[in-house]
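What follows is one structure encoded as structure tokens, with my remarks underneath.
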Amino acid sequence: MADAASQVLLGSGLTILSQPLMYVKVLIQVGYEPLPPTIGRNIFGRQVCQLPGLFCYAQHIASIDGKRGLFTGLTPRLCSGVLGTVVHGKVLQHYQECDKVEDLGPGNVQKEVTPSFDQVIKETTREMMARSAATLITHPFHVITLRSMVQFIGRESKYCGLYDSIVTIYREEGILGFFALAGGCPPYSPVYTSWIDCWCMLQKEAPCCCSCWACWALPPAGPWGRGRGRARPSCARPSRPHAPPPWRAHRRWR
């Protein structure tokens with residue numbers, strides 16, 4: 001019991017400390033880029049356009065919603081962590097109690113357990129079952145956490161509190177709304193037959209991703225020279241082709 005309580009307290013403390021960075025990470029993952037890129041250098045010393053870091057995004061959020069706004073979605077995330085830890089521990093405890101009953105031989109003498117490959121498979125299976133049960137129980141809180149964070153982009157206030165969020169999701173989407181994200185369903189997103197279909201569609205609509213280092217190139221310096229030292233995205237509109245050198249034009253008339 002003491003071990004479970006210490007795990008819950010430790011997990012809750014880490015969750016509170018990491019909440020601002022988790023908030024920023026979620027907004028970046030959904031494509032929210034409110035700050036313009038800046039010129040920087042990569043590990044090879046080449047000048048590229050770089051997006052601001054996590055702390056710059058955190059300062060941007062704090063300038064709009066205050067420092068308290070960095071902890072949006074903390075309550076359902078804490079509930080998810082606490083319930084996940086408790087459910088995971090209870091499932092493993094149930095399996096351990098079953099093992100104690102099976103290991104007792106005739107005359108209440110405990111059998112000697114030797115490690116084997118079957119024992120490893122058994123422990124792995126139980127760990128998977130415990131984590132699956134914890135994920136199933138905590139997924140509704142995970143959905144509420146993400147929706148509470150993402151609504152910052154549109155400056156909405158639909159999912160304000162834990163209770164109000166539960167009532168809103170259940171009223172609009174039913175019980176299935178707690179196990180699916182509306183952003184991935186029509187009309188918010190098209191239906192893809194496979195990940196290949198999704199990839200091809202993304203390539204047609206946005207052939208260049210700002211997170212891909214290969215999408216950044218140096219523009220030519222002058223008609224035939226090399227980089228000027230300033231980076232621009234290679235997917236941007238190309239500049240007009242420069243005229244050929246005079247000596248090349250002269251050779252054409254020979």
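The values are calculated or read from the model by the stated rules, or taken from the named source; none is laboratory data. None of these values were measured; they are calculated from a predicted model. Note that we place each Cβ from the backbone using ideal geometry, even for glycine, and neighbour counts take in every protein chain shown. Just so you know, the surface numbers come from the protein's heavy atoms only, side chains and all, with ligands and any DNA or RNA stripped out. Shrake-Rupley method; radii C 1.70, N 1.55, O 1.52, S 1.80 Å.
Quick notes on this one:
- Criterion violated by LEU35 - all others in (1) assigned to a helix (DSSP H, G or I); (2) in contact with a His (Cβ under 9 Å, 6 or more places away or on another chain); (3) over 21 Å from SER132 (Cβ atoms) satisfied: (1)
- The set of residues in the stretch 1-32 being assigned to a helix (DSSP H, G or I) and under 27 Å from LEU202 (Cα atoms) consists of MET22, TYR23, VAL24, LYS25, VAL26, LEU27, ILE28, GLN29.
- Checked against (1) under 18 Å from PRO76 (Cα atoms); (2) surrounded by fewer than 13 Cβ atoms within 10 Å (Cβ to Cβ), ALA134 passes all but condition (2).
- Residue in the stretch 7-27 that is nearest to LYS90 (Cα to Cα), counting only those that are at pLDDT below 90 and open to solvent by 50 Å² or more (accessible area, probe 1.4 Å): GLN7
- Pairs with Cβ under 7 Å, 6+ apart, first in the stretch 123-151 and farther than 10 Å from SER80 by Cβ, second outside any helix (DSSP H, G or I) and open to solvent by less than 20 Å² (accessible area, probe 1.4 Å): SER148/GLY73; MET149/GLY73
- Residue in the stretch 153-173 that is touching a Phe, Trp or Tyr at 6+ places or on another chain (Cβ under 6 Å), modelled with pLDDT of 90 or more and surrounded by fewer than 17 Cβ atoms within 10 Å (Cβ to Cβ) present: yes
- Out of ARG41, ARG77, ARG46, sole residue that is in contact with a Ser or Thr (Cβ under 8 Å, 6 or more places away or on another chain), basic (Lys, Arg) and either open to solvent by 30 Å² or more (accessible area, probe 1.4 Å) or free of Cβ contacts under 8 Å to residues at least 40 places away in the same chain (or both): ARG77
- Note on the stretch 38-87: residues that are of a type in the set (Lys, Arg), part of a helix (DSSP H, G or I) and more than 18 Å from GLU156 (Cβ to Cβ) amount to 2.
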